[in-house]
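Colleague: One structure coming up, written as structure tokens, with questions to follow.
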Amino acid sequence: MISTTTLNYSVEQIVKSFGGAKALSGVSMSVSSGEVHCLAGENGSGKSTLIKIMAGVHSPDSGVIRLADKEFARLSPREAVQEGVQVIFQDFSLLPNLTAAENIALPTYIYENSKFISKKATLKIAQEAIDLIGVDIDISLPVTELSIASKQLIAIARATNLGVKMLFMDEPTTALTRKEINRLFEVINQIKARGVATVFVSHKIDEIQEICNTITVLRNGEVVADGLMKDFGPKEISQAMTGQDVLTTRITPPLKPNVQKVLEVSGITAMPAFSDISFSIAPGEILGVTGLLGSGRTELAEAIFGKYQIESGEIKVNGVKMP
């Protein structure tokens, strides 16, 4: 069901200190239903503190929290859930020993103070939540068998199952491939169309420009910039986050033609970590090796250095085959 009423969710002049350190100094931010709002800032800027205040984990020293037509000096975790505030942290806060269905349904049982858990009801709750965000995941599988992208979607399904109105997503694309990010953005646009106010926390400027409508930038616990995303370019966002003009320079080292390679790797395999890997690198060249956690990057580097036995293929250093 798509909401046609625009509601506002905001914080006004929020102050929070831990001992003598002030984490937030009069922070104000407003997000409307059906909007994707970027909360940006460097590490230590106050983003996590603000999120935890909205989730009821921390209480502000002063300031006001407004959720639609209600005003709060502080929220408890139960009040936050009751008012539709949900947070998906970077670790997703899923229980690895439970199935996807159980992870989705368990908060509902807790919120309703249910003394009994029904397997049939659990599957029904979970399937309805999965269908609501339009994804296809085997909810009977243990969470440990799911990919990072699927865990992300399970966390979103769990949030929507509890009647989410304002959703915080903390660095949601950190461990995702571009294909998985595209799927995540499709789901975000779906919940946006249903009137959910989404706060997207990220350092990745290209992504926030792609998915977000508005932006608030924190630096040293203060709001240093906010407004429509279309009014901010990458340079303006970087400058607001760091307080400095950030130069973007592409470094391409010059390479001499037909130079002998320093390292040549041809079809090396060390199962189950990696298989049939080939590359070469010349003097002065910078070679990037990337991939998700568990993709075999570390094992590849360690195998080249001799920590692991290579089953097949060859390695040459300065043209000399290594034994």
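Laboratory data are not the source of any read-out in this text; all were calculated from the coordinates shown. All values reported here derive from a predicted model rather than from experimental measurement. Here the Cβ is made from the backbone with ideal geometry for all residues, glycine too, and neighbour counts use every protein chain on show.
Colleague: Could you please report the charge total around LEU106, scoring K, R as +1 and D, E as -1 over all other residues with beta-carbon less than 12 angstrom from its beta-carbon?
Modeller: -1
Colleague: From the phi of every residue in the range 24-35, what ³J(HN,Hα) in whole Hz does the Karplus formula 6.51 cos²θ - 1.76 cosθ + 1.60 yield, where θ is phi - 60° and glycine or proline is x?
Modeller: Those phi angles translate into 10, 10, x, 7, 10, 7, 10, 10, 9, 4, x, 10 Hz.
Colleague: Something else: Note down the relative contact order for the range 1-80 as a percent, whole number, built from C-alpha pairs under 8 angstrom at least six residues apart.
Modeller: So the answer I get is 32 percent.
Colleague: Pairs to check: LYS70/LYS151; LYS52/LYS119; LYS179/LYS261; LYS52/LYS165; LYS192/LYS235. Give those whose C-alpha atoms are more than 22 Å from each other in this structure.
Modeller: LYS70/LYS151; LYS52/LYS119; LYS179/LYS261; LYS192/LYS235
Colleague: May I pose another question? Scan around GLY26 for amide H atoms under 5 Å from its own, H built in the peptide plane at 1.01 Å from N, and keep only partners 5 or more places away or cross-chain.
Modeller: ILE14, VAL15, LYS16
Colleague: Taking LYS115 as the anchor, which lysines have their alpha carbon closer than 16 Å to its alpha carbon, excluding any fewer than eight residues away along the same chain?
Modeller: none
Colleague: Roughly what % of DSSP beta bridges within the chain run antiparallel, to the nearest 5?
Modeller: 70
Colleague: For LEU167, what charge total do you get from the other residues with a beta carbon under 13 Å from its beta carbon, if Lys and Arg give +1 and Asp and Glu give -1?
Modeller: Local net charge: +1.
Colleague: While we're on this one: For the range 236-245, just list the computed ³J(HN,Hα) in residue order, Karplus coefficients 6.51, -1.76 and 1.60, θ = phi - 60°, integers in Hz, with x standing in for Gly and Pro.
Modeller: 5, 5, 4, 5, 5, 5, 9, x, 9, 7
Colleague: Using the charge dipole of the chain (Lys, Arg: +1 at Cβ; Asp, Glu: -1 at Cβ; taken about the Cα centre), state which of ILE315, ILE104, THR290 has its Cα farthest towards the positive end.
Modeller: Projecting each Cα onto the dipole axis, the largest value belongs to ILE104.
Colleague: Here's something else I'd like to know. Measuring from label point to label point, each 7 Å out along Cα→Cβ, what is the THR6 to PHE18 span in nm?
Modeller: If labels sit at THR6 and PHE18, their model points lie 3.7 nm apart.
Colleague: I would also like to ask the following. Over the chain, what is the relative contact order in whole percent, taking alpha-carbon pairs under 8 Å and six or more residues apart?
Modeller: 19
Colleague: Report relative contact order for the range 1-135 in percent, whole number only (criteria: Cα-Cα under 8 Å, sequence separation at least 6).
Modeller: Once divided by the residue count of the range 1-135, the mean separation gives 19 percent.
Colleague: Moving to a separate point now. On each of the three principal axes of the Cα atoms of the chain, give max minus min coordinate, whole Å, ordered largest first.
Modeller: Principal extents (Cα only, largest first): 73, 54, 41 Å.
Colleague: Calculated FRET efficiency, GLU171 and LEU228, Cβ-Cβ r, R0 35 Å, to nearest 0.05?
Modeller: The value I calculate is 0.95.
Colleague: Count the DSSP beta bridges whose two residues both fall in the range 263-321, then state the antiparallel fraction as a percent rounded to the nearest 5.
Modeller: 100
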